[in-house]
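Structure record follows, encoded as structure tokens.
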């Protein structure tokens, strides 16, 4: 585990509008936000500046972030908001890969991350992207210079950040019902629904392409329509291809200013974001309460206005949670565009304050990056934990169970002998004495059938399970803990997390391909021996036959021996009266311990039975450990 502890995970939130990075050491808990060119949040923008220096190997220099808007001469190539679902568009692929590499190169140059050989990179994507989209996106971001990235949902990352120890925004009590994570980003709104942290329900991810950039584009469109000289503006845009991205950027900045205090701009426009497009000519974003009301009536890609589309997604989550029987009790709101006031209003219309707790992320711009880092740390710990436990199941644990099997027999066989004699042998022998059965063979068959049916019934299965659980707690559990507790400690899992008190449970046998931990077949043979022993002991002159019988335990010829002697020992009805009731009642008292001792000794040397018992115990214990690990994985992935 020492190698894993030295690893560092980078969470890379490449957003449509902004990009943020965070990192966490596997040995630590809390992620830290990395600075990208000395800023914690950078604009997702890229510019290629032609190289004019003689002898330069590259034809252009890559610039990114807010600095690309300082100067936008037409000879440079400016791109804004290029994150999208993977496509074969060459420019899209080029922009994405060059921006991704340039940001990582800046992090490396700054020295914020040192040992890149031990770095994992986790990148976020919209929740509604399909598996194929995620795989293509991951391939596009692969570069020989940096570690291969992995891709997970951005809203899921926001959830992990919300339940991380430093945030404590979502408590364990909150997670007993459904929690809905609403990540309002620039290009998309992503939703993650979780049905209780400790449950085994899968996370549900979905979303829609209605992010905050919709307002940037509509503000730009409204501002263009209101520009006093449209022909002049069109000419300037034609002369400089970089002008439009910069003007959209200005519209975004004005929008962000508006939503800081929308009540201040009901009757006037947000000032301070005008851009000179030619001498004495300025383009100014038109952002006011009137503008925003107009935009909110316009259709999005869904064909409906923004608020209606957003509330439709919320109701979809509500219906999904109700169908599972876990209504939404907590909504976590995050994402850079979450500060738009009508977002909260929409959530409250669908999830009223009386029934649902609403938590707003204090730093929505960085929550996804931190959550991605938390997920990556948890993934490393989970995979290492599973592998180490699996190694124990290949080596030490089978040896431990094999070593302790004799004690299991010492608990099982005396209990089984007592049960068979008291519940089946004695009542039916009294009935035989009274003349109910014609032959001893018939008596033996009736007792055998009754005991077999009981052993295979839920009651008989529970009998074997109870014995196995008693054996586990008396003989195995402490030594098992001594093997697994160091593994828990090394992987940031609380010691005792694999302290399984009841590993064998009947209710799991009904829906899983598992068997009762003590195999049925050998038990049926043992019951047959108990029945024959008891009958012979009760009968007059049965001593020599009983002595011969004991020497033949588990031999192939013993069944023939039993059948043959059942015929020889058969007594007519008038002679049965000579068998006293007291002797029948004493069969267990006089023979129980000897029966158990002899059969325990013989079964302990039966390799087939030992192997079958061992395989069954391993299968059941493995199933319990898998269940425990799934719960541990939830905790590790969440950073708890």
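The values are calculated or read from the model by the stated rules, or taken from the named source; none is laboratory data. Computed from a predicted model, the values in this text were never measured in an experiment. Backbone-built Cβ (ideal geometry, glycine too); neighbour counts: all protein chains shown.
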Can you tell me which residues in region 43-101 are in contact with a strand residue (DSSP E or B) (Cβ under 7 Å, 6 or more places away or on another chain), free of Cβ contacts under 8 Å to residues at least 60 places away in the same chain and either part of a helix (DSSP H, G or I) or more than 30 Å from residue 273 (Cα to Cα) (or both)?
51, 59, 66, 68, 95, 98
Picking from 372, 430, 411, which residue would you name as being at pLDDT 90 or above and surrounded by fewer than 22 Cβ atoms within 10 Å (Cβ to Cβ)?
411
If I go through region 231-243 residue by residue, how many of them are in a helix (DSSP H, G or I) and surrounded by fewer than 19 Cβ atoms within 10 Å (Cβ to Cβ)?
8
Looking at residue 425, is it farther than 30 Å from residue 151 by Cα and surrounded by 23 or more Cβ atoms within 10 Å (Cβ to Cβ)?
yes
Name every residue in region 60-84 that is under 11 Å from residue 43 (Cβ atoms) and surrounded by 19 or more Cβ atoms within 10 Å (Cβ to Cβ), in order of residue number.
64, 65, 68, 69, 80, 81
The condition from (1) closer than 25 Å to residue 500 by Cβ; (2) in contact (Cβ under 8 Å) with a residue 24 or more places away in the chain that residue 432 misses is numbered (1)
The listed residue being in a helix (DSSP H, G or I) and in contact (Cβ under 8 Å) with a residue 12 or more places away in the chain, out of 379, 390:
379
Region 141-164: number of residues that are surrounded by 17 or more Cβ atoms within 10 Å (Cβ to Cβ), touching a helix residue (DSSP H, G or I) at 6+ places or on another chain (Cβ under 6 Å) and not in a strand (DSSP E or B)
9
By residue number, the members of region 440-455 that are surrounded by 21 or more Cβ atoms within 10 Å (Cβ to Cβ) and over 52 Å from the mean Cα position of the chain (by Cα) are 440, 443, 444
In region 578-585, is there at least one residue being in the same structural domain as residue 538 (by TED's automatic domain parsing) and at pLDDT below 75?
yes
